[in-house]
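In what follows, a structure is listed as structure tokens, so that the remarks can point back to it.
The values are calculated or read from the model by the stated rules, or taken from the named source; none is laboratory data. As the structure is a prediction and not an experimental result, all values here were calculated from the model. Please note: Cβ atoms are built from the backbone with ideal geometry, for glycine as well, and neighbour counts cover all protein chains shown.
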Amino acid sequence: MTDLFCKKIVNEVMPAVRAVISENLDKEGMKQREIAGLLSVTQPAVVNYAKGSRGKMVHRIKSNREFMKIVDELTNRILNKEDLVKYTCYICKKARETQLIKRSEMEPFICAKEL
């Protein structure tokens with residue numbers, strides 16, 4: 001069965017992106033409540049990002065230099081009060097381009113924008 005790739009991005013990549021951005025913002029000295037507000041998540045979600053219990057792909061993201069540049073860019077956008085959700089398709093495209101998501105992991109999926 002073919003499924004939308006968006007589902008994989010929303011369920012696996014976005015939580016890890018938020019976790020890395022949360023860590024970046026924490027290093028800037030922001031409080032968990034402030035980080036939660038900027039990421040449009042709850043404060044307990046930020047705690048879970050810090051513990052590593054959310055965002056299972058964090059290590060993969062951090063080991064991908066190209067994708068980390070994108071996450072750093074997104075961190076700056078978040079600091080400028082931009083909503084991360086509007087970048088979902090951009091993140092998806094970059095996850096594929098930078099091989100964050102391997103081609104073999106994309107096989108059963110299709111992209112909604114490419115339909």
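Condition first: under 14 Å from the mean Cα position of the chain (by Cα), part of a loop (DSSP other than H, G, I, E, B) and under 14 Å from Lys81 (Cβ atoms). Now tell me which residues in segment 28-48 satisfy that.
The one that is under 14 Å from the mean Cα position of the chain (by Cα), part of a loop (DSSP other than H, G, I, E, B) and under 14 Å from Lys81 (Cβ atoms): Ser40.
Output the number of residues of segment 73-85 satisfying the condition of being part of a helix (DSSP H, G or I), touching a residue at least 12 places away in the same chain (Cβ under 8 Å) and surrounded by fewer than 13 Cβ atoms within 10 Å (Cβ to Cβ).
Selection size over segment 73-85: 1.
Which of the residues that make up segment 49-68 are assigned to a loop (DSSP other than H, G, I, E, B) and not small (Gly, Ala, Ser)?
Arg54, Lys56, Met57, Asn64 - these are the residues of segment 49-68 that are assigned to a loop (DSSP other than H, G, I, E, B) and not small (Gly, Ala, Ser).
In segment 90-115, what count of residues is obtained for those that are loosely packed, with under 14 Cβ neighbours inside 10 Å and modelled with pLDDT of 85 or more?
Of the residues in segment 90-115, 3 are loosely packed, with under 14 Cβ neighbours inside 10 Å and modelled with pLDDT of 85 or more.
Quickly run through segment 25-49 and pick out the residues that are crowded, with 16+ Cβ neighbours inside 10 Å, closer than 25 Å to Ala95 by Cα and not hydroxyl-bearing (Ser, Thr, Tyr).
Residues satisfying the conditions are Leu25, Asp26, Ile35, Ala36, Leu38, Leu39, Val41, Ala45, Val46, Asn48.
Being β-branched (Val, Ile, Thr), free of Cβ contacts under 8 Å to residues at least 12 places away in the same chain and at negative phi narrows it down to one of Thr98, Thr42, Thr88, so name that one.
Thr42
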